[in-house]
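Trainee: Sharing a structure, written as structure tokens. Questions coming.
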Amino acid sequence: MEYTDKVCEYFRNPKNMGRIENPDGVGTVGNKVCGDVMKIYIKVNDDIIEDIKFETFGCGAAIATSSVVTELAKGKKIEEALKISNKEVVDFLGGLPPIKKHCSLLAEDGLKAAINDYRDKQKNSAPSPIKSEDKQL
Ligand code: FES
């Protein structure tokens with residue numbers, strides 16, 4: 001199976017490529033076999049992914065799938081974005097050669113990693129139930 005026109009188009013003109021300064025979450029994932037690495041940055045406001053960008057050092061399919069995953073996630077609530085599957089990404093692109101399926105998994109995992117990072121940061125920044133003044137008493 002060859003790449004679809006849509007994959008080639010996204011590879012040539014990816015959307016949301018780049019990085020976000022001071023992101024609310026960053027996910028970095030890689031595939032040990034091919035060595036490709038994908039980084040996804042998110043900016044979250046009121047539980048909605050307001051902005052999302054990616055940096056991918058990898059094959060054409062990895063670039064195309066990262067671009068699609070950012071497009072699908074932008075403007076979505078965190079809960080909804082977590083439901084985006086690699087199948088949805090592949091369907092959007094009109095299919096991928098079977099050997100390239102792991103590239104789309106990288107995109108799904110990258111988004112999830114960015115969301116997990118955001119959630120971890122939220123937890124860590126939550127006010128402690130014990131106030132610092134109390135501790136000193
Ligand atoms: Fe590994 Fe595409 S060949 S991400």
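Each value in this text was obtained by applying a stated rule to the coordinates, not by laboratory testing. In this text, all values refer to a predicted model and were calculated from it rather than measured experimentally. Backbone-built Cβ (ideal geometry, glycine too); neighbour counts: all protein chains shown.
Trainee: Which residue out of ALA73, ALA113, ALA81 is closer than 14 Å to GLY30 by Cα and surrounded by 18 or more Cβ atoms within 10 Å (Cβ to Cβ)?
Mentor: Testing whether each residue is closer than 14 Å to GLY30 by Cα and surrounded by 18 or more Cβ atoms within 10 Å (Cβ to Cβ) leaves just ALA113.
Trainee: So for the stretch 26-44 (the condition being free of Cβ contacts under 8 Å to residues at least 60 places away in the same chain, under 16 Å from the mean Cα position of the chain (by Cα) and over 15 Å from HIS102 (Cα atoms)), does at least one residue qualify?
Mentor: There is at least one residue in the stretch 26-44 that is free of Cβ contacts under 8 Å to residues at least 60 places away in the same chain, under 16 Å from the mean Cα position of the chain (by Cα) and over 15 Å from HIS102 (Cα atoms).
Trainee: Taking GLY95, is it over 10 Å from the mean Cα position of the chain (by Cα) and within 16 Å of the ligand (Cβ to nearest atom)?
Mentor: Values: over 10 Å from the mean Cα position of the chain (by Cα): yes; within 16 Å of the ligand (Cβ to nearest atom): yes.
Taking the combined requirement at face value, the residue satisfies it.
Trainee: If I filter the stretch 58-92 down to residues being within 10 Å of the chain's Cα centre (by Cα) and small (Gly, Ala, Ser), which single residue comes out as farthest from the ligand (Cβ to nearest atom)?
Mentor: The residue in question is ALA81.
Trainee: Only one residue in ASP36, ASP47 is surrounded by fewer than 24 Cβ atoms within 10 Å (Cβ to Cβ) and more than 10 Å from the ligand (Cβ to nearest atom). Which one?
Mentor: That would be ASP47, the only listed residue that is surrounded by fewer than 24 Cβ atoms within 10 Å (Cβ to Cβ) and more than 10 Å from the ligand (Cβ to nearest atom).
Trainee: Conditions first: (1) among the hydrophobic types (A, V, I, L, M, F, W, C); (2) part of a helix (DSSP H, G or I); (3) under 9 Å from the mean Cα position of the chain (by Cα). PHE54 passes all but one, so which condition is the exception?
Mentor: (2)
Trainee: Against the definition (within 18 Å of ARG119 (Cβ to Cβ), within 16 Å of the ligand (Cβ to nearest atom) and out of contact with any His (no Cβ under 6 Å at 6 or more places or on another chain)), how does VAL29 come out, yes or no? Give the steps one after another, and end with the answer.
Mentor: Values: within 18 Å of ARG119 (Cβ to Cβ): yes; within 16 Å of the ligand (Cβ to nearest atom): yes; out of contact with any His (no Cβ under 6 Å at 6 or more places or on another chain): yes.
Yes; evaluated as a whole, the condition is true for this residue.
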